[in-house]
Amino acid sequence: MELIIFVALYSNNNKKCSDLRDKIRSLMVSQGIDAALITCNANLIYTYGCVVSGYLYLPLHSPALLFFKRPNNITGEHSFPIRKPEQIVDILKEKGLPLPTKLMLEGDELPYTEYVRLAGLFPDAEVVNGTPLIRQARSVKTAIEIEMFRRSGMAHAKAYEQIPFAYYPGMTDIEFSIEIERLMRLQGCLGIFRVFGRSMEIFMGSVLTGDNAGTAQAIARKANIGHYRSGVLPHDKAIFIEQLQQKGARVAMVGDGINDSAALAQADLSIAMGKGSDIAMETAMVTILSSDLLKIPETIRLSRLTVKTIRQNLFWAFIYNLVSIPIAAGILYPVCGFLLNPMIGGAAMAFSSVSVVSNSLRLKRKKISLIPRGNEVRIEEVEPINKKVMKKRFTIDGMMCGHCRAHVEKALNSIDGVKAIVTLDPPEATIEFTDKEFSLNELQQVIQNKAGDYKLHDLE
């Protein structure tokens, strides 16, 4: 209801919208831009006075033209119905208007595919991102905008008051998000979690593939990723990442094929799969040897722990040198006649190195695990549990070559809580039991079933 009210208010304020368009034009002049194509809802309200399904073409030296796609009651000399944006160029030529040489698009709001499509309408024009310019023009808010902020804040405050009572024990994150979304919509708001759309696209993750749409959709659904693009060429992947980077985003790209190499090179963080192409692994900063996507969050967490450790080492090294170097230089000699013995200084430097290495070795005690929580997987850092390990040695009959040795070792290591090392000369197996000790018969049964006719005997 409030949206309808304010749309009406804007519609009755054409003079103010005209002034705002002139404000944008003055900024366009400073950057040599001779036309702008506006299509996002918030900017349409600002420049035209209401939301329409279409485009506002704003030339520098002629009246603004509205191209709308859906039937409505809009009439006027400068309003034109269209079915697709490609008709805009034909209408401009029909009206005898010059085509722009430098065109401004809403690069930070438009989806990548639509940005490319609109830019392709004017192949001879230089296309630039006009979002910063429009934001500058909109930085001084009108009285109507301020009133909209006030009413929106009141609606959000009412919804927030109910959020503590919406949660119940055992509720998953998705269920909680849905309930908050419902509360927001009851107050007349769009919602705060589902803000996907032309003007408010959020990239929590995106699937880029050269495969067909069906394959891309299936992969995106399985991975719970909301965005996917099919039939994407290698250079298009790199352009997509560049577009996100221009918006200020830090982009991580995961790929395994030759076609992903350009995108991997463009991304801020590039991750390749161990079973992928050599070019992808050569280009990427990180390679997941197991090709398990669940290792990616573990890698990110481990890298954060590593950076944290490096910062700790640098901090304490700085403090150590800040104190030790002046003492070694004799700063205390004029005060109390103390001079540092070179042998003591050397020992102190060695101790500094030992402390840095010891602090770094603490990373070996960290274990990153993925813990399922409802419909999500949460990354947690846990300390390894010191388990009692029992080691035993066995002789093995029947092994003739390295192939046999590998079969036996693989069979033994398939047992949970067992770590086995098998050698051919001598034909022995050294087995560590971490959870419980398995009997000789149990081990023999596993070897018989998974490796073949090999005999296991106690050595100790």
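The values are calculated or read from the model by the stated rules, or taken from the named source; none is laboratory data. Quick caveat, the model's predicted, so the values are computed rather than measured. Reconstructed Cβ throughout: ideal geometry from the backbone, glycine too, with neighbour counts over all protein chains shown.
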### Message
All but one of (1) in contact with a strand residue (DSSP E or B) (Cβ under 6 Å, 6 or more places away or on another chain); (2) at pLDDT 75 or above hold for Leu208; state the number of the condition that does not hold.
### Response
(2)
### Identity of the residue in the range 388-429, among the hydroxyl-bearing types (Ser, Thr, Tyr) and out of contact with any Pro (no Cβ under 8 Å at 6 or more places or on another chain), that ends up nearest to Glu442 (Cα to Cα)
Ser414
### Message
With the structure loaded, tell me whether Ile271 is outside the structural domain of Asn129 (by TED's automatic domain parsing), surrounded by fewer than 16 Cβ atoms within 10 Å (Cβ to Cβ) and over 21 Å from Val116 (Cα atoms) or whether it fails that test.
### Response
no
### Task
Please enumerate the residues belonging to the range 446-460 that are closer than 16 Å to Lys410 by Cβ, of a type outside the set (Gly, Ala, Ser) and surrounded by 13 or more Cβ atoms within 10 Å (Cβ to Cβ).
Val446, Ile447, Gln448, Lys450, Tyr454, Leu456
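Residue by residue, here is whether (1) crowded, with 21+ Cβ neighbours inside 10 Å; (2) among the basic types (Lys, Arg); (3) at pLDDT 85 or above; (4) not in a loop (DSSP other than H, G, I, E, B) holds:
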{"position": "Leu92", "(1), (2), (3), (4)": "yes, no, yes, yes"}
{"position": "Gly107", "(1), (2), (3), (4)": "no, no, no, no"}
{"position": "Thr113", "(1), (2), (3), (4)": "no, no, no, yes"}
{"position": "Val116", "(1), (2), (3), (4)": "no, no, yes, yes"}
{"position": "Pro132", "(1), (2), (3), (4)": "no, no, yes, yes"}
{"position": "Gln136", "(1), (2), (3), (4)": "no, no, yes, yes"}
### Query
What are the residues in the range 348-366 that are modelled with pLDDT under 80 and farther than 14 Å from Asn321 by Cα, if any?
Leu363, Lys364, Arg365, Lys366
### Message
I need a count of the residues in the range 35-54 that are outside any helix (DSSP H, G or I) and out of contact with any Pro (no Cβ under 9 Å at 6 or more places or on another chain).
### Response
8
### Query
Does Gly248 meet the test of being within 30 Å of Val354 (Cα to Cα), of a type in the set (Gly, Ala, Ser) and out of contact with any Lys or Arg (no Cβ under 9 Å at 6 or more places or on another chain)?
no
### Task
Filter the range 274-297 down to residues that are of a type in the set (S, T, N, Q) and in contact with a strand residue (DSSP E or B) (Cβ under 7 Å, 6 or more places away or on another chain) and give me whichever is surrounded by the fewest Cβ atoms within 10 Å (Cβ to Cβ).
Ser291
### Query
Pick from the range 398-429 the residues that are in a helix (DSSP H, G or I) and basic (Lys, Arg): which of them is surrounded by the most Cβ atoms within 10 Å (Cβ to Cβ)?
Arg405
### Message
Just to verify a result, which residue in the range 253-268, among those that are surrounded by fewer than 17 Cβ atoms within 10 Å (Cβ to Cβ) and modelled with pLDDT of 85 or more, is farthest from Gly107 (Cα to Cα)?
### Response
Ala265
### Task
For the range 161-180, state whether one or more residues are within 30 Å of Gly248 (Cα to Cα), charged (D, E, K, R), surrounded by 12 or more Cβ atoms within 10 Å (Cβ to Cβ) and not assigned by TED's automatic domain parsing to the domain that holds Ser53.
yes
### Message
Criterion first (buried (at least 22 other Cβ atoms within 10 Å of the Cβ), among the small types (Gly, Ala, Ser) and either assigned by TED's automatic domain parsing to the domain that holds Phe122 or more than 22 Å from Lys141 (Cβ to Cβ) (or both)) does Ala35 satisfy it?
### Response
yes
